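Enquirer: Before anything else, here's the structure in question.
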Amino acid sequence: MALIRWEPARELNTIQSEMNRLFNNYFDTPAAPGNGGAGALRRWMPAMDLVETEEEFVLRADLPGLSESDVNIELEDNVLTVSGERKAEHKERKEGYYRVERASGSFARTLTLPDGVDADAVNASFDRGVLEVRIPKPEQRKPRKVAISVGGEPKTIDGSEQG
(Lines give C-alpha, C1' and ligand atoms only; values in the text may rest on other atoms or scores of the structure.)
Protein backbone atom coordinates (compact mmCIF):
# COMPACT_ATOMS: atom_id res chain seq x y z
CA MET A 1 0.00 0.00 0.00
CA ALA A 2 1.41 3.40 -1.02
CA LEU A 3 1.24 6.36 1.32
CA ILE A 4 0.04 9.60 -0.19
CA ARG A 5 1.08 12.83 1.46
CA TRP A 6 -1.86 15.08 2.33
CA GLU A 7 -1.42 18.68 1.21
CA PRO A 8 -4.12 20.92 2.71
CA ALA A 9 -3.17 23.89 0.52
CA ARG A 10 -3.83 21.86 -2.63
CA GLU A 11 -7.19 20.75 -1.22
CA LEU A 12 -8.18 24.37 -0.52
CA ASN A 13 -7.16 25.38 -4.05
CA THR A 14 -9.28 22.58 -5.46
CA ILE A 15 -12.30 23.65 -3.40
CA GLN A 16 -11.81 27.30 -4.43
CA SER A 17 -11.57 26.32 -8.11
CA GLU A 18 -14.76 24.29 -7.89
CA MET A 19 -16.63 27.13 -6.14
CA ASN A 20 -15.45 29.60 -8.80
CA ARG A 21 -16.59 27.21 -11.54
CA LEU A 22 -20.02 26.82 -9.92
CA PHE A 23 -20.53 30.56 -9.52
CA ASN A 24 -19.33 31.27 -13.07
CA ASN A 25 -21.72 28.65 -14.45
CA TYR A 26 -24.60 30.04 -12.40
CA PHE A 27 -24.15 33.65 -13.51
CA ASP A 28 -23.25 32.88 -17.13
CA THR A 29 -26.03 30.37 -17.79
CA PRO A 30 -28.64 31.69 -20.23
CA ALA A 31 -32.07 32.25 -18.73
CA ALA A 32 -34.67 29.75 -19.85
CA PRO A 33 -37.71 31.04 -21.75
CA GLY A 34 -40.61 31.61 -19.41
CA ASN A 35 -38.34 32.17 -16.39
CA GLY A 36 -38.14 35.93 -16.71
CA GLY A 37 -35.71 35.67 -19.59
CA ALA A 38 -36.21 36.05 -23.29
CA GLY A 39 -34.32 33.21 -24.87
CA ALA A 40 -30.61 33.47 -24.16
CA LEU A 41 -30.39 36.56 -21.95
CA ARG A 42 -27.46 36.58 -19.56
CA ARG A 43 -26.70 38.56 -16.47
CA TRP A 44 -24.58 41.57 -17.37
CA MET A 45 -21.64 42.79 -15.29
CA PRO A 46 -19.62 45.57 -16.94
CA ALA A 47 -15.82 45.42 -16.90
CA MET A 48 -14.13 47.92 -14.60
CA ASP A 49 -10.54 49.01 -13.99
CA LEU A 50 -9.31 50.76 -10.86
CA VAL A 51 -5.98 52.57 -11.18
CA GLU A 52 -4.07 54.33 -8.42
CA THR A 53 -1.97 57.38 -9.27
CA GLU A 54 0.02 59.68 -6.97
CA GLU A 55 -2.96 61.97 -6.35
CA GLU A 56 -6.09 59.91 -6.97
CA PHE A 57 -7.88 56.66 -7.71
CA VAL A 58 -9.34 56.41 -11.22
CA LEU A 59 -12.21 54.01 -11.94
CA ARG A 60 -13.05 53.27 -15.57
CA ALA A 61 -16.07 51.19 -16.54
CA ASP A 62 -17.09 49.98 -19.99
CA LEU A 63 -20.79 50.76 -20.37
CA PRO A 64 -21.58 50.36 -24.08
CA GLY A 65 -25.05 51.36 -25.13
CA LEU A 66 -25.74 53.35 -21.97
CA SER A 67 -25.98 57.10 -21.49
CA GLU A 68 -25.09 59.06 -18.38
CA SER A 69 -28.76 59.10 -17.37
CA ASP A 70 -28.73 55.26 -17.27
CA VAL A 71 -25.95 55.19 -14.63
CA ASN A 72 -26.07 56.02 -10.91
CA ILE A 73 -23.00 56.78 -8.79
CA GLU A 74 -23.30 56.97 -5.00
CA LEU A 75 -20.70 57.45 -2.28
CA GLU A 76 -21.77 56.66 1.25
CA ASP A 77 -19.61 55.69 4.25
CA ASN A 78 -16.51 55.27 2.03
CA VAL A 79 -18.36 52.85 -0.26
CA LEU A 80 -18.62 53.86 -3.92
CA THR A 81 -21.47 52.20 -5.80
CA VAL A 82 -21.88 52.31 -9.57
CA SER A 83 -25.21 50.92 -10.76
CA GLY A 84 -27.49 51.03 -13.76
CA GLU A 85 -29.36 48.98 -16.30
CA ARG A 86 -28.92 48.04 -19.94
CA LYS A 87 -32.21 47.11 -21.54
CA ALA A 88 -32.59 44.34 -24.09
CA GLU A 89 -33.00 45.67 -27.62
CA HIS A 90 -34.49 42.62 -29.31
CA LYS A 91 -38.14 41.77 -29.66
CA GLU A 92 -39.67 38.36 -29.17
CA ARG A 93 -40.18 36.48 -32.46
CA LYS A 94 -42.56 33.62 -33.05
CA GLU A 95 -40.91 32.02 -36.08
CA GLY A 96 -37.36 31.51 -37.24
CA TYR A 97 -34.12 31.35 -35.39
CA TYR A 98 -32.04 34.22 -34.14
CA ARG A 99 -29.09 34.64 -31.84
CA VAL A 100 -28.82 36.86 -28.78
CA GLU A 101 -25.35 37.07 -27.24
CA ARG A 102 -25.23 40.53 -25.73
CA ALA A 103 -26.18 40.44 -22.07
CA SER A 104 -28.55 42.95 -20.56
CA GLY A 105 -30.09 43.77 -17.22
CA SER A 106 -29.32 45.76 -14.12
CA PHE A 107 -25.92 45.81 -12.45
CA ALA A 108 -24.29 47.19 -9.31
CA ARG A 109 -20.60 47.29 -8.47
CA THR A 110 -19.24 48.53 -5.14
CA LEU A 111 -15.77 49.55 -4.03
CA THR A 112 -14.63 50.35 -0.51
CA LEU A 113 -12.52 53.50 -0.45
CA PRO A 114 -9.97 54.53 2.19
CA ASP A 115 -11.10 56.61 5.16
CA GLY A 116 -11.00 60.35 4.67
CA VAL A 117 -12.10 60.55 1.01
CA ASP A 118 -13.82 63.87 0.32
CA ALA A 119 -17.13 63.00 -1.34
CA ASP A 120 -17.47 66.54 -2.75
CA ALA A 121 -14.14 66.21 -4.62
CA VAL A 122 -15.18 63.04 -6.50
CA ASN A 123 -16.04 63.72 -10.14
CA ALA A 124 -17.28 61.57 -12.99
CA SER A 125 -17.32 61.86 -16.76
CA PHE A 126 -18.90 59.76 -19.49
CA ASP A 127 -17.42 59.58 -22.98
CA ARG A 128 -18.12 57.09 -25.81
CA GLY A 129 -19.52 54.43 -23.48
CA VAL A 130 -16.74 54.69 -20.88
CA LEU A 131 -17.48 56.00 -17.41
CA GLU A 132 -14.52 57.55 -15.60
CA VAL A 133 -14.72 58.37 -11.89
CA ARG A 134 -11.83 60.29 -10.30
CA ILE A 135 -11.48 60.00 -6.53
CA PRO A 136 -8.82 62.22 -4.91
CA LYS A 137 -6.77 60.44 -2.28
CA PRO A 138 -7.33 61.61 1.28
CA GLU A 139 -4.73 63.85 2.88
CA GLN A 140 -2.15 61.86 4.79
CA ARG A 141 -1.97 62.73 8.45
CA LYS A 142 1.29 64.41 9.22
CA PRO A 143 3.00 64.00 12.59
CA ARG A 144 2.38 66.89 14.93
CA LYS A 145 5.41 68.71 16.33
CA VAL A 146 5.51 69.13 20.09
CA ALA A 147 7.81 71.59 21.84
CA ILE A 148 9.52 70.20 24.95
CA SER A 149 11.55 72.39 27.23
CA VAL A 150 14.77 70.82 28.51
CA GLY A 151 16.63 72.76 31.14
CA GLY A 152 14.72 75.92 30.30
CA GLU A 153 15.46 75.73 26.56
CA PRO A 154 12.63 74.61 24.27
CA LYS A 155 13.44 71.76 21.93
CA THR A 156 11.15 70.71 19.07
CA ILE A 157 10.62 67.03 18.46
CA ASP A 158 8.65 65.92 15.44
CA GLY A 159 6.99 62.56 14.95
CA SER A 160 9.64 61.28 12.56
CA GLU A 161 12.60 61.50 14.98
CA GLN A 162 13.65 58.36 16.81
CA GLY A 163 15.07 58.28 20.27
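The values are calculated or read from the model by the stated rules, or taken from the named source; none is laboratory data. Since the model is a prediction, treat every value here as computed from it, not as a measurement. Cβ atoms come from the backbone with ideal geometry, glycine included; neighbour counts cover every protein chain shown.
Conditions (1) in the same structural domain as Glu56 (by TED's automatic domain parsing); (2) modelled with pLDDT of 90 or more; (3) part of a strand (DSSP E or B), marked per residue:
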site	(1), (2), (3)
Ser83	yes, yes, yes
Gly96	no, no, no
Asp120	yes, yes, no
Phe126	yes, yes, yes
Val133	yes, yes, yes
Arg144	no, no, no
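Enquirer: Tell me, yes or no, whether segment 67-82 has at least one residue that is free of Cβ contacts under 8 Å to residues at least 24 places away in the same chain, more than 18 Å from Val51 (Cα to Cα) and over 17 Å from the mean Cα position of the chain (by Cα).
Expert: yes
Enquirer: Kindly indicate whether Arg102 is at pLDDT below 80, among the basic types (Lys, Arg) and under 23 Å from Met45 (Cβ atoms). Talk me through it step by step, then tell me what you get.
Expert: On the way: at pLDDT below 80: yes; among the basic types (Lys, Arg): yes; under 23 Å from Met45 (Cβ atoms): yes.
In short, yes.
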